[in-house]
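Any read-out appearing in this document is the output of simple, stated calculations on the displayed coordinates, not a laboratory observation. Every value quoted in this text rests on a predicted model; they were computed, and no experiment measured them. Backbone-built Cβ (ideal geometry, glycine too); neighbour counts: all protein chains shown.
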Amino acid sequence: MEDTAENDKHVKKYWAFVSYSSKDKKWGKWLHNRLESFPIPKEFQGTELFDGAVLGKDLKPCFRDRDELSGSADLGPAIFKALNSTRYLIVLCSPNSAKSEWVNKEIEDFKEIGGEKRILALILDGEPNSDGDTECFPPALRYPAEPLAGDLRKEGDGKERGFLQSNFGNRPA
């Protein structure tokens, strides 16, 4: 009989895990809703991904802490379990998230479980590589190399275009 614990670590329940600072919760809720209501074009439905999952009509479910862990007393293990059960980590980048220990830890943990190539960044506010209070990337996202990022800022691509250009689902595993 196969070891079920070994098999469980390959099962991915969530399409994406949305990581953000609690100060950016409005954006976290927006992205979560946008992801779960994003229609997969018919020509991509039925496509098998790197982990054997098959694309359906949408990207449900996606993980957002406020929705999934509202009653959890011990967040650390619950967050790690969710990270281990997700295909992509999407980091909402702002000066708030750059200073958030939780956001940084989520990035570190996702890298630790082998997800480094499946991290997507969306810039909400601030500046990449500003080395000051306006820095938008958390430390674990900056090193060893700064990520490609969709830019949701008004002076960038804007909310909808930045979302569509973020390459969600178009990155190699």
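Could you list the trypsin sites (Lys or Arg not before Pro) in the stretch 38-67 that lie in coil according to DSSP, counting only those with at most 13 other Cβ atoms within 10 Å of their Cβ?
Within the stretch 38-67, the qualifying trypsin sites (Lys or Arg not before Pro) (loop, at most 13 other Cβ atoms within 10 Å) are LYS42, LYS57.
Given the pairs LYS12/LYS117; LYS29/LYS81; LYS60/LYS81; LYS29/LYS57; LYS42/LYS81; LYS60/LYS99, which span a C-alpha to C-alpha distance of over 27 angstrom in this model?
LYS42/LYS81; LYS60/LYS99
So what J values fall out for the stretch 32-44 if you push phi through Karplus, 6.51 cos²θ - 1.76 cosθ + 1.60 with θ = phi - 60°, rounded to Hz, Gly and Pro as x?
Once rounded to whole Hz, the list reads 4, 5, 5, 5, 5, 9, 6, x, 6, x, 3, 5, 9.
Using the Cβ atoms and a cut-off under 13 Å, what net charge is assigned to the surroundings of PHE110, where Lys and Arg are +1 and Asp and Glu are -1?
+2
LEU120's amide H: which non-local residues (gap 5+, or another chain) put their own amide H closer than 5 Å, with H modeled 1.01 Å from N in plane and none for Pro or chain starts?
Correct list: LEU89, ILE90, VAL91.
Can you tell me the dipole magnitude for the stretch 74-115 around its Cα centre, using point charges on the Cβ only (Lys, Arg +1; Asp, Glu -1), in Debye to the nearest 20?
140
What are the residues whose amide H is under 5 Å from the amide H of SER21, where those residues sit 5 or more places off or on another chain and H is modelled from the backbone?
Hits under the 5 Å cutoff: SER97.
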